[in-house]
1. Mind listing just one residue for me: the one in segment 128-173 that is without any contact (Cβ under 8 Å) to a residue 24 or more places away in the chain and part of a strand (DSSP E or B) and, of those, nearest to Ser98 (Cα to Cα)?
2. Please give the number of the condition Lys91 fails out of (1) assigned to a helix (DSSP H, G or I); (2) of a type in the set (Lys, Arg); (3) under 15 Å from the mean Cα position of the chain (by Cα).
3. Out of Leu56, Leu49, Leu25, Leu4, report the one residue that is modelled with pLDDT of 95 or more, buried (at least 16 other Cβ atoms within 10 Å of the Cβ), on the phi < 0 side of the Ramachandran plot and part of a loop (DSSP other than H, G, I, E, B).
Amino acid sequence: MAILRPRNTVTPEDEEGGNSGATGLPAAIGTSMTGSEVTAWRREKRAELLAMRERLSSHERDSAAKIIGRKLDHLYASLTPATIGLYWPIKHEPGLLSWGRALTRSADVRLCLPVVVAPRSPLEYWRWVPGDSMQTGFWNIPRPAHRDVVVPDLILAPLVGFDRANYRLGYGGGYFDRTLAVLPKRPVVVGIGYAFSALPTIFPQPHDVALDVILTEQPDDTPQPEQPV
C-alpha cells in the first residue's frame, strides 16, 4: 500500500480579505468564533451547498460520478485495498455503487456499506455483495439485510463541503468522525464531493478529523501516491 501526499494546511488567517461572498467566510472571521457561531455558520453553508446540489441535473451528477470513478481506479491501482467502504448515495451525492460493482468484476476486493446501528454512535461497516438483499435503515438508507461487520482499508466519505486542509463538512451528525476515532486501524479516507463545495475553511473543531484526499469532478485533484510502505 502507498501513502498519499501530505495534506495542505490552511487557517482563517491565510485567506485574503476576510469578507463574505466568494470565499463563503463570515465578514469578521479571526480566531474568536465561538463553537455556537461555528455551528451556525456551518448550518448556513450546508443549506447553501445542498441547494446547489439539488439544482444539478441527473446528467451532471452521472458525469461527475464517472470522472470520480476514473480517479478511484487510479487510486485503487496504487493502494490495492482489500476492503472498500462505499456509501449508498442520498441527497444527490455522486453515486459510486456502479463503480464498486465494476471493480468486483475485475479485482479481488470486498465491498461494505456504513450502517447506523444506534443514534450518535460510530458506524459499523457491513459487508455488501452486489445483488444481496437489503433492508431500510436509518434515514431510510438501504443497508445489507445480514450483519457481517468488516473493517475497510479504504473508505469513501461523501461530503457536503470541504476545505484545503481536507476537513469535511458533512450533515452535522458526526458519524464519520466518531467512526474514525474508534477503528482499530486508520483506513485511507477519501472525501467524495462536487468541486463547487470547496470552502476556504470549515473552521475545524477538536472533534473534526481531516481526510487523506478529496476527489471531485475537477481534473486537478487526482491523488499522487508516494513511496510504498
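The values are calculated or read from the model by the stated rules, or taken from the named source; none is laboratory data. Not measured: the values here are computed from a predicted model. Positions of Cβ are backbone-derived with ideal geometry, glycine not excepted, and every protein chain shown enters the neighbour counts.
1. The qualifying residue nearest to Ser98 (Cα to Cα) is Met134.
2. Among (1) assigned to a helix (DSSP H, G or I); (2) of a type in the set (Lys, Arg); (3) under 15 Å from the mean Cα position of the chain (by Cα), Lys91 violates only (1).
3. Working: Leu49 fails: part of a loop (DSSP other than H, G, I, E, B); Leu25 fails: modelled with pLDDT of 95 or more; Leu4 fails: modelled with pLDDT of 95 or more.
Of Leu56, Leu49, Leu25, Leu4, the one residue that is modelled with pLDDT of 95 or more, buried (at least 16 other Cβ atoms within 10 Å of the Cβ), on the phi < 0 side of the Ramachandran plot and part of a loop (DSSP other than H, G, I, E, B) is Leu56.
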